[in-house]
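Rule-based calculations on the coordinates, nothing more; no lab input. All values derive from a computational prediction rather than experimental measurement. Cβ atoms come from the backbone with ideal geometry, glycine included; neighbour counts cover every protein chain shown.
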Amino acid sequence: MTINCLLDSNRGIYIPQHFAQEMKLGLITGVDWSDVAPILLSGPDHEWYWEAWQDVLDHGIVTKTGETFYQDGDLFIVSEDHVWEDE
């Protein structure tokens, strides 16, 4: 399977915070975790919360597998070989 649900939408605006709490951030590259993690862990009241989360979605890559992240309600992890329908 090339796409898997990591966190479902019932977590709402707390998906980024739960992501930062549950993921092994050292296994994800492309993002400066010293900047992003404290913001996400602070929760949605932090003024840069959504910008930090967008940085993860745009640039975060799982080091060993090359997987990336995609959010459309639920948060998904997507294999590097996944082909989107519009491609």
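Computed 3J(HN,Hα) for the stretch 12-26, one whole-Hz value per residue from the Karplus formula 6.51 cos²θ - 1.76 cosθ + 1.60 where θ = phi - 60°, is x, 5, 9, 3, x, 5, 5, 4, 5, 6, 9, 7, 7, 4, x, glycine and proline marked x. Taking each residue as 0.36 nm, the span from Glu47 to Asp8 lengthens on full extension beyond its C-alpha to C-alpha distance by 11.7 nm.
Each label point was placed 7 Å from the Cα along the Cα-to-Cβ direction; for Gln54 and Asp74 their separation is 2.5 nm.
Mean separation of Cα pairs under 8 Å and 6 or more residues apart, divided by the residue count, gives the chain a relative contact order of 37 percent. Stick to Cα atoms and the Kirkwood definition of Rh, then tell me Rg/Rh for the chain. Reported Rg/Rh, Kirkwood definition of Rh: 0.96.
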